[in-house]
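This is the structure I want to talk about, given as structure tokens.
The values are calculated or read from the model by the stated rules, or taken from the named source; none is laboratory data. Since the model is a prediction, treat every value here as computed from it, not as a measurement. All Cβ positions, even for glycine, are placed from backbone atoms using ideal geometry, and neighbour counts span all protein chains on display. Heads up: the accessible areas ignore ligands, DNA and RNA and are worked out on the full protein's heavy atoms, side chains in. Shrake-Rupley method; radii C 1.70, N 1.55, O 1.52, S 1.80 Å.
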Amino acid sequence: MGSRAWLAAIEAIIDASGAGPAIEALLPAGVRHRQLRARTLLTGMMLALADRRPAYLTEVRATLTCLPEADQVRLGVTEDWHGRPHQLTYRQVEHTFGLIAKALSKDSPDGAPSDVLQTACDQLLEASIPAVHKNSSPALAADWTDVETWSRPPRHGSTECADPEAAWGHRNTNLPGPKGEMFFGYFLSAAITVAEENGPPVPELARRITLAGCDHDPVRQLAATLLRMAAAGIPLGDIIDDSGYAHRDAEAWAIPMRNAGAQLVQDLHPHDRGPKGTHEGAVIANGNLYCPQTPRTLLELTPLPPAATSEQIAAHDQQAAELARHKLGRHTADDADGYHRVTCPAVAGKVRCPLRPASMTLSRDRPEILTPPEHPPACCTQQTITVPPDVAAKTRQKHDYPSPAWRRSYRRRTAAERANATIKDTATTNIARGWCRLTGLAPLTLWIACLLAVRNQRILNAFEARQEDNARRAAAGLPPRTRKRRRTSLAQLTAGPP
């Protein structure tokens, strides 16, 4: 994209979002005329980021003053003062940005974004998504990452520093040595659009973000943002998240997301895997109810490791299929209060059990319960049992964990990892400490929202170019391009020359 194309695209985003007039209405009128408007400032911020510059106000001014003269006059970068042209100064940029940051902050900052700040970010990101892709997929991949503040941490034994909204947090690292370290700053949570299961490919666009101090739970912050999104009429589909989300209390993540219409596809924390009590005699494990006589090894089945061989995958899939035969099957959908009924797997014809004489006539390719309970519980004597919404509320999800269907669906979560990688790429835009030398939640959040809006445009351009290339190759009878394998295994390195 050339500079003219970037300017047109950025102005279209800002105008479609309505963020410029909304922010301008929050600013004090003042006695003197203010040359720089909120719309022009947002334009300069996005242009600087599109040019892969750091988030400095000096870069905003430099970007705006390098525009063609006609654009400078149109945007108010150059105005007529007492019969002479006056170009925007750095002090004017700093003054306007300070007014915006103050207007978007809370009266008593507490490390969480204000409603007006979160609304402005939602508007900018939503406007950066073209209408043709707004309803292409309701599925989202969720993840959070660290954002270090420019401020130095408070001295030991004190709480005073240049950024009082920041807090100490923990992040994982891939460097040699300890796998985690402490940092001083914020948690950035993002929801990235991904393709639906068995659906066509879609561009992986940032749909929502939220930033909060590390003393705030990023899971609850993102849940509140997604609930605002659902309240605005944007439906929620699959939400793919890791164990950091699944391990929270059900009231913090799982229940609000289900009530909003989402279906969870999530990895379970090791502490949440396996048998976790019973309900009416049925074993609660991995978000489902299983027959009391289900083999323990099946209930403790864990996901495959990343480098699993084809033999390991086949064996794991066979165990997952046998585990599914022992699961109590749904008999009804959830009612208005979240209750539903399930039936014994022998009644459903999935296993053979002496307590269900009709099931013993089934073929012997089904598992058989050899030692039924001496005192059968309700799940073994009744046709169905009622399951209240609080049973496995935290671990219940769309697919059986860790079945092949769950594994294929969960792979889509890598879109969130790629989004974090693009804004932390040291070769392009890296939001590490020093990228933005402004302190406070509002300035940093506004800069990151502009950054991801610009990133969405790059993702869209790459996606459209890839689709056009695939269409040309299909017309020529050629298969789509595939990515080259870049990983070299240890076996290949040790094999030596042929």
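Quick check: from the Cα gyration tensor, does the range 13-134 come out rounded (a/c under 1.5), prolate or oblate?
Judged from the Cα gyration tensor, the range 13-134 comes out oblate (a/c at least 1.5, b/c at or above a/b).
So if the hydrodynamic radius of the range 212-343 is defined as the Kirkwood radius over C-alpha pairs, what does Stokes-Einstein give as its diffusion coefficient at 10 °C and 1.306 mPa s, in µm² per second?
So the translational diffusion coefficient is about 94 µm²/s.
I've got another one for you. Where does helix 90-104 land angle-wise versus the long Cα axis of the chain, in degrees 0 to 90, nearest 10?
For 90-104 against the chain, the angle is about 40 degrees.
Right, next: Whenever you get a sec, line up ASP107, ASP71, ASP400, ASP15 from highest to lowest accessible area (probe 1.4 Å, protein heavy atoms).
ASP107, ASP15, ASP400, ASP71
Within 10 Å, count the other beta carbons around each residue, average over each peptide in 352-359, 367-374, 315-322, and list them highest first.
With the highest mean Cβ count within 10 Å placed first, the list reads 352-359, 315-322, 367-374.
While we're looking at this one, here's another question. Once the Cα gyration tensor of the chain is diagonalised, what are the square roots of 5 times its eigenvalues, in whole Å and ordered largest first, as equivalent ellipsoid semi-axes?
Gyration-tensor ellipsoid for the chain: 51, 26, 22 Å.
On to the next question. Under Stokes-Einstein, with the Kirkwood radius over Cα pairs standing in for Rh, what whole-number D in µm²/s applies to the range 299-435 at 37 °C and 0.692 mPa s?
Taking Rh from Cα pairs, D becomes 177 µm²/s.
In addition: What are the semi-axes of the equivalent ellipsoid for the range 107-153, taken as the square roots of 5 times the Cα gyration tensor eigenvalues, largest first, in whole Å?
29, 16, 10
I've got another one for you. Could you sort THR278, THR58 by accessible area so the largest value comes first, with the probe set to 1.4 Å?
Greatest to least solvent exposure: THR278, THR58.
Per residue of the chain, what 222 nm ellipticity follows from adding -39500 (n - 2.57) for every DSSP H run with n ≥ 4, rounded to the nearest 500?
-11500 deg cm²/dmol
Take the alpha-carbon positions of the range 64-154, form their convex hull, and give its projected area averaged over all directions (one quarter of the hull surface) in nm².
Approximately 10.7 nm², given one-decimal rounding.
Indicate the gyration tensor shape class of the range 173-231 (rounded, prolate or oblate), computed on the Cα atoms with a ≥ b ≥ c the square roots of the eigenvalues: a/c under 1.5 is rounded; otherwise a/b larger than b/c is prolate and the rest oblate.
The shape class here is oblate.
For the range 343-419, with every protein chain kept in place, what is the accessible area per residue (1.4 Å probe, Å²)?
Each residue of the range 343-419 exposes 49 Å² on average to a 1.4 Å probe.
Round to the nearest 10 and report in Å² the accessible area of THR426, as given by a 1.4 Å probe over the protein chains' heavy atoms.
Near enough 120 Å² of accessible area.
If one takes the longest principal axis of the Cα atoms in the chain, at what angle in degrees, from 0 to 90 and to the nearest 10, does the Cα axis of helix 3-17 lie?
70 degrees
Per-residue counts of other Cβ atoms within 10 Å, averaged by peptide: what ranking do you get for 214-225, 414-425, highest first?
Per-residue Cβ counts within 10 Å, averaged per peptide and sorted highest first, yield 214-225, 414-425.
Dipole of the range 343-472 (Lys/Arg Cβ +1, Asp/Glu Cβ -1, origin at the Cα centre): which of ALA348, ALA392, GLN457 lies farthest to the positive side?
GLN457
Given the C-alpha centroids of the range 326-398 and the range 221-269, what is the distance between them in whole angstrom?
28 Å
What's the ranking of 179-187, 141-149 by average number of surrounding C-beta atoms within 10 Å, highest first?
Top to bottom by mean Cβ count within 10 Å: 141-149, 179-187.
Taking every pair of distinct Cα atoms and averaging 1/r, then inverting, what Kirkwood hydrodynamic radius in Å comes out for the range 33-78?
Evaluated on the range 33-78, it is 10.5 Å.
Report the net charge of residues surrounding LYS106, where surrounding means a beta-carbon distance below 13 angstrom and charges are Lys +1, Arg +1, Asp -1, Glu -1.
-3
Cα gyration tensor of the range 396-437, axes a ≥ b ≥ c as square roots of the eigenvalues: rounded (a/c below 1.5), prolate (a/b > b/c) or oblate?
Since a/c reaches 1.5 and a/b is larger than b/c, the shape of the range 396-437 is classed as prolate.
Suppose we take every Cα in the range 327-388 and form the convex hull; what volume per residue is that in Å³?
Hull volume normalised by residue count: 79 Å³.
With θ set to phi - 60° and the Karplus curve 6.51 cos²θ - 1.76 cosθ + 1.60, what are the ³J(HN,Hα) couplings of the range 216-230 in order, to the nearest whole Hz, using x for Gly and Pro?
Values per residue, Gly and Pro as x: 10, 6, x, 5, 5, 5, 5, 4, 5, 5, 5, 5, 4, 5, 5 Hz.
I want the local charge near MET1. Using Cβ-Cβ distances under 14 Å, sum +1 for each Lys or Arg and -1 for each Asp or Glu among the other residues.
With Lys, Arg at +1 and Asp, Glu at -1, the net is +1.
Compute the acute angle (0 to 90°) between the alpha-carbon long axis of helix 310-325 and the principal axis of greatest extent of the alpha-carbon atoms of the chain; round to the nearest 10°.
Tilt of helix 310-325: around 70 degrees.
Right, another one. Of LEU299, LEU268, ALA232, which is farthest along the charge dipole of the range 206-299 in the positive direction, counting Lys and Arg as +1 and Asp and Glu as -1 at C-beta?
ALA232
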